[in-house]
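Notes for the one structure printed next.
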Amino acid sequence: MKECRHVAIIMDGNGRWAKKQGMPRTAGHLAGADNVRTIAIKASEMGVEYLTLYAFSTENWKRSKDEVSYIMKLPGVFFKKYMQEFIDRGFRMRMLGELDALPPETEKVLHEAEEESKNNTGLSLNIAINYGSQREILLAARHYAQDVRDGKADPMIDEAGFEKYLMTKDFPPVDLLIRTSGEQRISNYLLWQIAYAELEFVPEAWPEFTPQVFERCLQEYRNRDRRFGGVRQ
Ligand code: IPE
Ligand code: IPE
Ligand code: MG
């Protein structure tokens with residue numbers, strides 16, 4: 001079976017899904033957070049090793065103050081409910097993004113989730129929060145430039161060397177990128193890491209992205225012919 005080690009998901013459509021049910025957008029974010037648990041369990045059962053979820057982008061600060069502050073409280077609610085279960089399941093939580101710009105309480109909860117699960121060897125559940133890929137690449141370039149100035153890095157590093165400066169340095173490349181809710185764009189997510197990922201855009205909003213829909217995505221992935229620039233044998 002074709003390996004799918006690393007799945008990344010742009011969890012989109014929470015707000016529209018809630019509106020359709022006559023609920024406020026925030027209800028969509030709450031349902032969306034619960035679905036993170038459901039899909040993480042499914043991913044782990046399907047043998048996925050890394051699941052990288054886009055929870056909040058560097059551009060999402062443009063939203064109303066109320067919506068942003070609701071989203072910032074969700075990690076606290078979420079990990080309070082599910083942390084013990086995740087530990088029991090062997091999940092390892094890792095964060096991508098500039099956490100120090102988050103409200104201090106949110107930052108604390110996220111660091112604790114990383115800390116408490118750091119010795120686990122099961123699914124790596126990676127949450128991108130206050131994450132933007134252009135920013136990530138820019139920060140990597142600055143850090144690398146500094147290392148060159150300090151004589152700590154080779155001025156002629158290759159791609160593999162540069163990857164060590166990215167927030168995803170511990171992960172393999174993305175095999176499959178899924179975006180929910182019918183939008184067909186990348187919205188500043190993992191631009192470097194998806195160089196050869198398969199892309200799937202599904203109509204379901206994130207709260208209605210069920211384990212069955214996820215299975216369908218993985219089935220579709222297996223039917224793809226990944227060539228990486230070569231020629232099919
Ligand atoms: C995704 O759902 C969650 C975040 C971006 C935080 P949206 O909130 O973007 O939902 P839509 O796209 O407006 O329906
Ligand atoms: C992308 O969704 C970010 C997350 C899912 C966290 P958006 O809803 O913010 O993206 P755009 O604005 O439609 O491109
Ligand atoms: Mg959206």
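The values are calculated or read from the model by the stated rules, or taken from the named source; none is laboratory data. Everything numeric here is computed off the predicted structure, so don't read it as measured data. All Cβ positions, even for glycine, are placed from backbone atoms using ideal geometry, and neighbour counts span all protein chains on display. Note: areas computed on protein heavy atoms with side chains; ligands, DNA, RNA excluded. Shrake-Rupley method; radii C 1.70, N 1.55, O 1.52, S 1.80 Å.
Of all residues in segment 48-93, which are away from ligand 1 (no atom under 16 Å from the Cβ) and open to solvent by 50 Å² or more (accessible area, probe 1.4 Å)?
Once the filter is applied, which keeps residues that are away from ligand 1 (no atom under 16 Å from the Cβ) and open to solvent by 50 Å² or more (accessible area, probe 1.4 Å), segment 48-93 yields Glu49, Lys80, Lys81, Gln84, Asp88, Arg89, Arg92.
Among (1) within 29 Å of Ile137 (Cβ to Cβ); (2) in contact with a Phe, Trp or Tyr (Cβ under 9 Å, 6 or more places away or on another chain), there is one condition Leu53 misses while meeting the rest; what is its number?
Against the list (1) within 29 Å of Ile137 (Cβ to Cβ); (2) in contact with a Phe, Trp or Tyr (Cβ under 9 Å, 6 or more places away or on another chain), Leu53 comes up short only on (2).
Give me the pairs: first residue in segment 91-118 and under 18 Å from Leu51 (Cα atoms), second residue buried (at least 16 other Cβ atoms within 10 Å of the Cβ) and at pLDDT below 95, beta-carbon distance under 6 Å, and six or more apart or on different chains, which are they?
none
Residues checked against (1) more than 19 Å from the chain's Cα centre (by Cα); (2) not in a helix (DSSP H, G or I):
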| residue | (1), (2) |
| --- | --- |
| Arg16 | yes, no |
| Phe79 | no, no |
| Tyr82 | no, no |
| Met93 | no, yes |
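From the set of residues in segment 18-42 that are over 18 Å from Ser64 (Cβ atoms) and more than 18 Å from the chain's Cα centre (by Cα), which is nearest to ligand 2 (Cβ to nearest atom)?
Lys20
State whether the residues of segment 145-168 include one that is within 16 Å of ligand 1 (Cβ to nearest atom), surrounded by 13 or more Cβ atoms within 10 Å (Cβ to Cβ), in contact (Cβ under 8 Å) with a residue 40 or more places away in the chain and under 18 Å from Leu53 (Cβ atoms).
No, segment 145-168 has no match at all.
State whether one or more residues within segment 94-103 are open to solvent by 20 Å² or more (accessible area, probe 1.4 Å) and farther than 29 Å from Ile137 by Cα.
Among the residues of segment 94-103, not one is open to solvent by 20 Å² or more (accessible area, probe 1.4 Å) and farther than 29 Å from Ile137 by Cα, which makes the answer no.
State whether the residues of segment 9-21 include one that is more than 22 Å from Glu204 (Cα to Cα), within 11 Å of ligand 1 (Cβ to nearest atom) and free of Cβ contacts under 8 Å to residues at least 24 places away in the same chain.
no
Taking only segment 29-57 into account, find how many residues are polar (S, T, N, Q) and within 16 Å of ligand 3 (Cβ to nearest atom).
Residues in segment 29-57 being polar (S, T, N, Q) and within 16 Å of ligand 3 (Cβ to nearest atom): 2 in total.
Do we have Thr26 as assigned to a helix (DSSP H, G or I), β-branched (Val, Ile, Thr), at pLDDT 95 or above and within 16 Å of ligand 3 (Cβ to nearest atom) here?
Considered against the rule, which asks whether it is assigned to a helix (DSSP H, G or I), β-branched (Val, Ile, Thr), at pLDDT 95 or above and within 16 Å of ligand 3 (Cβ to nearest atom), Thr26 comes out as yes.
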